Amino acid sequence: MLHHLQKKCFLAVLVSIFVIGQQAIAADGTAVLLSRLDLTKPGLEKVKAASGNSDAAAKELLNYYRTRTSVQHPVDRTQKKSSLGKYARAGDIETANNALKHIFVGQSAYPPHFCGEDINWGSRPVPDNEWVWQLNRMGFWTAMSKAYWHTGDEKYAEEWVFQLTDWVKKNPRDKEHAYAWRSIEAGIRGQQWTHLFQHFLDSPAFTPEFLVVFLNSCYDHADYLMTKYSARSNWGLMEAEGMAFIAIVFPEFKDAEKWKAEAIVRLNKEIDNQVYSDGHQRELTIGYHVGCIGWFSKTLDLAKMNGMEDAFPDSYRAKIEKMCEVPMKLGMPDGSNTQFGDSWKGRPGGNWGILKLWAERYNRPDFLYVATEGKQGEKPKETAFAYKESGLYSMRSGWDKNAVCLILKCGPDGGGHSQPDNGTFELYAGGRHLMPDSGCYIYSGDPENRRWFRQTKIHQTLTLDGKNTAYAPRHLYWQTDDNLDVLVVENAGYPDLTHRRAVFFVDKKYFVIVDEAIGKGKGVAAIHFQLAPGEAVLDADNQTARTAFKDGWNVLVQNVMPKDAKMEEEEGQISYVYTKKEPRPAFRFSVPKTDETGIRYITIVAPYTKTPPEIKVELLGNPVIGGNKLELKLSTDGKSRQIGYTL
C-alpha cells in the first residue's frame, strides 16, 4: 500500500482525472438521458427548453429532482437534519469509514478487503463467489449513506459519487463483467440505489454531471431487468422489486410505466407461484421465507405511498400477512429459528423485532404478545401448528422462552436452498437448543463441505445404506389436545422404501417417536440423531444418549425397539454462522434390512432437568408395519396410559 504522502498525491491525481472524466461522461450521456425521458411531463418544462444545451439541461434536471414533491419514498429527505447524531450505529460508521479507504465488505462472513486505490470491482480475496457477488451489491454504500446523515460529513457523499461513477465506468454489461450483472444483483441495486438517491441528492457532491451518470445507469438496470424473469425463485422477486422501484421513483423515464406494470404483474403472479396456501414460501428455509416477505412487501408499500395500492389485490396483502405468521408459529421460544436448509438460527429474540412491526401493520395482538415476551398483546390460542402443504409442523408446551418445542420438516423439494432431510426435527427446551439442525456452512467456494452438510444422514431422520433421500412427502395424521399432540407423516425417499414417522408429544413434556421403514428395499436401515455441541454420554449397551450440561436442561434419547439395534457414534458437525462449524455428538441406531419385511423403531426423546426421566413404552398387539393403526402403552411416575393413531 502507498505511503501517506504518496497516497495523498495519488488521490489528488485520481480526483482530478475523475472530475474531468465525470464531466466528459456526463456530456456524452446527457443526450442519451434526455432521449430516455418524457420531457412533456409536468415539471420538466425547463429541462425541455434547455435540451439543446447539455450542461443547462442537466442543471435544470437536478433542480427538478431536488424540488420535486410528486413522488414519495420510505427515505424522507426532510428528516436529514433531524437525523444528525442518531441515524447510524457504530458498525455502520466503521463500515463506511473503511469504504472511504476502499476496504469493502463482500460476503460479511469474511474480513473486509482492500480492493485497491484504483478499485477492482471483480476482486476475489476468497474462492467463495459469494464474496464478489455481494461486493457488487454495495451494502457498504448503505452504511455510507447512514454515516452521511448521522454526521453531516460531505466526505461520505463525495466518495459515494466517486465510487458509483467508477463502478458504472468499469462494469459494462458484458460477459467479462458477469460477476456484476447477475439479475439478482441488478435487482438489489435497483431498489437500493433509490434509497441512496434520497440520502445523497441534496449534497453538493451530487452534481448535474453525476445525475446523468446515475439516471442512465438506473435506466440500464431497469431495461436489463425487463429481460430477466426468474420465475418461482426469490431472484424473481428481487428482479421485480428493483424494476418497480426505479419505475415508481423515476416516472420521468419513457419506459417507467411499462417497467412498473411488468414488475407488478410478476409480483402478483409470484406470490401464488412461490407461497403455498398454508403461507410458507416454497424454498422451506426460514431465512428466505422472511426475505420474501420483505420483497413482496416493499413494492406494495412504495405503491401505497404513491397512490398505486390498487395494483395489488386484497388477496396479495392477505397472503403476506399469512406469511408473517410463520416466524411466530414455526419459530423457537427464544425468538430464534430452525436451521433447515440454507438457514441459520440467528440470535435469541431475532424474530421479535419483525413480529412487533407486523403486529402494528396487521393489528395482530398475538404477534405483539410473542414479540414482547407476553408483556403486551394476547397469547396465541394454540400451541401446535400443522403446515400440511409445505410439510412443517410445530408442537410446544407454551409461549414462554423456556417452553419445550419440537419443529419437524417433511415437505416437497424446495430447490437449491433445501436439503434432502424429510422427517428431520429440531428440539428446544428450557432456553436451550438441545437437538438443532446441522445448518449448511457455506454456499460456494468449498464444494466438499457444501456436500457434507447436504447429506440425509446428518439430519435426524431415517436412511437406507446412508444414501440421500428424495422428496416424496405425505401428510397422514394430525391431532392435538391439551395433553397429547400426534403427527404422522411419510416420505417415499427411496425407490423401494418409505419412511413413516409418528411423533407423540405427551403431556407437553416428552416425545415418543415411531419410525417405520416400509417396503422391499434392503440394506442398513438407520435412524440418525445429533445433539447440541458439548459433552454427551453415549451408552451403546443401554441404547441411550444424553447431553451432559452441568446446569439447565438436557435431553435423553433412548431406543426402545428393535432390541437388536446397533448404536454407533457418527461424525457430527454444526454451523451456526456462514463458513464456521464446530463438532457435536451424533449417533445412529441401525439394523440390517435383509428381506421385504419392514422395520419399526420406537425412540423416546425426553427433555429434562436434573435427572433423566424413567419412561417405559410398550407396543400393544402386533400391528402391521405401515398399517393404519398403532397403539402404545406409556408408563412413567407410577402412571400408565395408552396412546396411538388410526389413519
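Pairwise Cα separations in segment 160-267 fall into 5 Å bins from 0 onward with the following percentages, short to long: 2, 13, 24, 24, 19, 12, 4, 1, 0. Principal-axis analysis of the Cα atoms of the chain puts helix 256-274 at an angle of about 0° to the longest axis. Couplings 3J(HN,Hα) for segment 344-353, derived from phi with the Karplus relation 6.51 cos²θ - 1.76 cosθ + 1.60 (θ = phi - 60°), are 10, 5, x, 8, x, x, x, 7, 6, x Hz, where x marks Gly and Pro.
Starting from the Kirkwood Rh over alpha-carbon pairs, what translational D in µm² s⁻¹ does segment 270-337 have by Stokes-Einstein at 10 °C and 1.306 mPa s?
Working: Rh = 12.6 Å.
D, rounded to a whole number, is 126 µm²/s.
A simple spin-label model places the labels of Asn402 and Lys86 3.7 nm from each other, with each point 7 Å out along Cα-to-Cβ. Between 0 and 90 degrees, the angle of helix 208-225 with respect to the longest Cα principal axis of the chain falls at about 40 degrees. Projecting the Cα atoms of Pro172, Asn234, Tyr316 onto the dipole axis of segment 168-318, where Lys and Arg carry +1 and Asp and Glu carry -1 at the beta carbon, places Pro172 farthest toward the positive end. Taking every protein chain into account, the 1.4 Å probe leaves Phe504 with about 0 Å² of accessible area, to the nearest ten. Measuring nothing but alpha carbons in segment 108-231 and taking Rh as the Kirkwood radius, the Rg to Rh ratio lands at 0.95.
Between Lys322 and Val265, what is 0.36 nm times their sequence separation minus the Cα-Cα distance? Round to one decimal in nm.
Numbers: separation 57, 0.36 × 57 = 20.52 nm, distance 2.06 nm.
Contour length minus Cα-Cα distance gives 18.5 nm.
A dipole drawn for the chain from +1 and -1 charges on Cβ atoms has a positive end, and of Ser83, Gly644, Gln543 the residue lying farthest that way is Ser83. Solvent-accessible area of Thr142, all protein chains in place: 50 Å² (probe radius 1.4 Å, heavy atoms, ligands and nucleic acids excluded). Here segment 396-438 is assigned +1 on the Cβ of each Lys and Arg and -1 on the Cβ of each Asp and Glu. Its dipole about the Cα centre then comes out at about 200 debye. Taking Cα centre as origin and charging only the Cβ of basic (Lys, Arg, +1) and acidic (Asp, Glu, -1) residues, the dipole magnitude of the chain rounds to 500 debye.
Ellipticity at 222 nm from helices only: DSSP H runs of n ≥ 4 in the chain, each -39500 (n - 2.57), divided by the residue count, give -11500 deg cm²/dmol. Heavy-atom accessible area for Glu262, with the other protein chains in place and a 1.4 Å probe, reaches approximately 60 Å².
Expressed in nm to one decimal, what extension gain is obtained for the pair Arg173 and Asn483 from 0.36 nm per residue of sequence separation less their Cα-Cα distance? All intermediate terms of the calculation are to be shown ahead of the outcome.
Numbers: separation 310, 0.36 × 310 = 111.60 nm, distance 6.13 nm.
Length gained between Arg173 and Asn483: 105.5 nm.
Once R0 is set to 51 Å, what does the formula 1/(1 + (r/R0)^6) return for the Cβ-Cβ distance between Ala56 and Asp314, expressed as a FRET efficiency to the nearest 0.05?
So the FRET efficiency works out to roughly 0.60.
Solvent-free Debye calculation, one equal scatterer per alpha-carbon of segment 398-477: log10 I(q)/I(0) at 0.16, 0.21 Å⁻¹ equals -0.70, -1.02. Take every Cα pair under 8 Å whose residues are at least 6 apart in sequence, average their separation, divide by the length of segment 375-495, and the relative contact order is 20 percent.
Distance distribution note for segment 490-629: the fraction of Cα pairs above 17 angstrom is 64%.
Can you tally the net charge around Leu632? Count Lys and Arg as +1, Asp and Glu as -1, for every other residue whose Cβ sits under 12 Å from the Cβ of Leu632. All intermediate terms of the calculation are to be shown ahead of the outcome.
Details: positive: Arg600, Lys616, Lys629, Lys633, Arg641; negative: Glu618, Glu631.
Result for the local shell: +3.
On a per residue basis, the convex hull of the C-alpha atoms belonging to segment 328-383 measures out at 80 Å³.
Considering only Thr461, Tyr477, Val503, the residue lying farthest towards the positive end of the dipole of segment 425-530 is Thr461, judged by Cα position with unit charges set on Cβ. Which entry in (1) 1.04; (2) 0.98; (3) 1.02 is this structure's computed Rg/Rh (Cα atoms, Kirkwood Rh)? Looking at Rg/Rh (Cα atoms, Kirkwood Rh) for this model, the match is (1). Less than 14 Å from a label point 7 Å out along the Cα-to-Cβ axis of Lys520: which backbone N atoms in segment 590-614 qualify, by residue? Within reach of a label on Lys520: 595-598.
Can you tell me which of 93-103, 552-562 comes out highest on packing, and rank the rest after it, using the mean Cβ neighbours within 10 Å? Mind showing how you got there, number by number?
Numbers: 93-103: 18.7, 552-562: 20.6.
Result, highest mean first: 552-562, 93-103.
Computed from point charges on the beta carbon alone (+1 for Lys and Arg, -1 for Asp and Glu), the dipole magnitude for segment 83-239 about its Cα centre is near 460 Debye. Over every Cα atom in segment 188-235, the radius of gyration and the widest Cα-Cα span, Dmax, amount to 13.3, 43 Å. Of the listed residues Trp167, Trp452, the order by accessible area with a 1.4 Å probe, largest first, is Trp452, Trp167.
The trypsin sites (Lys or Arg not before Pro) of segment 592-647 meeting both criteria, a DSSP state outside H, G, I, E and B (loop) and at most 11 other C-beta atoms within 10 angstrom of the site's C-beta, are Lys610. Excluding ligands, DNA and RNA, the accessible surface per residue across segment 391-449 is 22 Å² with a 1.4 Å probe.
Taking only the C-alpha atoms of segment 151-190, Rg followed by Dmax gives 12.8, 40 Å. Diffusion coefficient (Stokes-Einstein, Kirkwood radius over C-alpha pairs, 20 °C, 1.002 mPa s) for segment 274-418: 137 µm²/s, rounded to a whole number.
Under 14 Å from the Cβ of Ser83, count the other residues' Cβ atoms, weight Lys and Arg +1, Asp and Glu -1, and hand me the total. Intermediate values should be presented prior to the final figure.
Numbers: positive: Arg77, Lys80, Lys81, Lys86, Arg89, Lys146; negative: Asp76, Asp92, Asp153, Asp202.
Computed value for this residue: +2.
Once the Cα atoms are used to define both axes, helix 286-305 deviates from the longest principal axis of the chain by about 40 degrees.
The values are calculated or read from the model by the stated rules, or taken from the named source; none is laboratory data. Predicted model only: the values in this text are computed from it and were never measured. So basically every Cβ, Gly included, is an ideal-geometry build from the backbone, and we count neighbours across all protein chains shown. Keep in mind that these areas ignore ligands, DNA and RNA; they rest on the heavy atoms of the full protein, side chains included. Shrake-Rupley method; radii C 1.70, N 1.55, O 1.52, S 1.80 Å.
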